[in-house]
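A.B. asks: Handing you this structure, nothing more for now.
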Amino acid sequence: QVQLVESGGGLVQAGGSLRLSCAASGRTFSDYAMGWFRQAPGKEREFVAAINWSGLSTAYADSVKGRFTISRDNAKNTVYLQMNSLNLADTAFYYCSADHSIKARASVSPREYDYWGQGTQVTVSS
């Protein structure tokens, strides 16, 4: 089975940057589509960003487009989420996910993902 471990969360001032990492176990990471989701207190889990199996296609939520960048390093079995120009609305618990399908697409739907990490907290202060 696949295990995902997020890291890089923490407290950051509004306007600042933070880089999240998600390390995956297994030998077939290059076939996975990877996604990032987040959930704030009292709200539903929402899509943030995704990247397809090859890394050539990405998708972003409108709320983060232009500020966040998702990337992957298959040699390290790791996906990243670079977050710039952070604001208070970005405060949430962030989850990494993996779609264990052959040449998987970058999907915005949680139902497409087979594995989930434990998450990491991101808090943006004013």
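The values are calculated or read from the model by the stated rules, or taken from the named source; none is laboratory data. Just so it is clear, the structure is predicted and the values come from calculations on it, not from any experiment. Ideal geometry is used to build each Cβ from the backbone, glycine not excepted, and the neighbour counts take in all protein chains shown. Areas reflect the complete protein model, heavy atoms only, side chains present, ligands, DNA and RNA absent. Shrake-Rupley method; radii C 1.70, N 1.55, O 1.52, S 1.80 Å.
A.B. asks: If you take the residues of region 1-16 that are under 15 Å from the mean Cα position of the chain (by Cα) and closer than 15 Å to Thr78 by Cα, which of them is surrounded by the fewest Cβ atoms within 10 Å (Cβ to Cβ)?
C.D. replies: Among them, the one singled out is Gln3.
A.B. asks: Another question, then. Tell me yes or no: at least one residue of region 114-125 is acidic (Asp, Glu) and out of contact with any strand residue (DSSP E or B) (no Cβ under 9 Å at 6 or more places or on another chain).
C.D. replies: If we filter region 114-125 for residues that are acidic (Asp, Glu), which is where we start, we get 114.
Cutting the leftovers down to out of contact with any strand residue (DSSP E or B) (no Cβ under 9 Å at 6 or more places or on another chain) gives us none.
The answer is no; no qualifying residue exists.
A.B. asks: Using the structure shown, decide if Val48 is open to solvent by less than 30 Å² (accessible area, probe 1.4 Å), part of a loop (DSSP other than H, G, I, E, B) and touching a residue at least 12 places away in the same chain (Cβ under 8 Å).
C.D. replies: It is false that Val48 is open to solvent by less than 30 Å² (accessible area, probe 1.4 Å), part of a loop (DSSP other than H, G, I, E, B) and touching a residue at least 12 places away in the same chain (Cβ under 8 Å).
A.B. asks: Could you look through region 17-39, keep only residues that are at pLDDT 95 or above and loosely packed, with under 15 Cβ neighbours inside 10 Å, and pick out the one that is farthest from Tyr115 (Cα to Cα)?
C.D. replies: Ranking the candidates gives Ser17 first.
A.B. asks: Gly42 is checked against (1) exposed (fewer than 15 other Cβ atoms within 10 Å of the Cβ); (2) part of a strand (DSSP E or B); (3) free of Cβ contacts under 8 Å to residues at least 40 places away in the same chain and fails just one. What number does that condition carry?
C.D. replies: Unmet for Gly42, out of (1) exposed (fewer than 15 other Cβ atoms within 10 Å of the Cβ); (2) part of a strand (DSSP E or B); (3) free of Cβ contacts under 8 Å to residues at least 40 places away in the same chain: (2).
A.B. asks: Restricting to region 55-83, name every residue that is open to solvent by 20 Å² or more (accessible area, probe 1.4 Å), assigned to a loop (DSSP other than H, G, I, E, B) and closer than 23 Å to Val5 by Cβ.
C.D. replies: Answer for region 55-83, where residues must be open to solvent by 20 Å² or more (accessible area, probe 1.4 Å), assigned to a loop (DSSP other than H, G, I, E, B) and closer than 23 Å to Val5 by Cβ: Gly55, Asn77.
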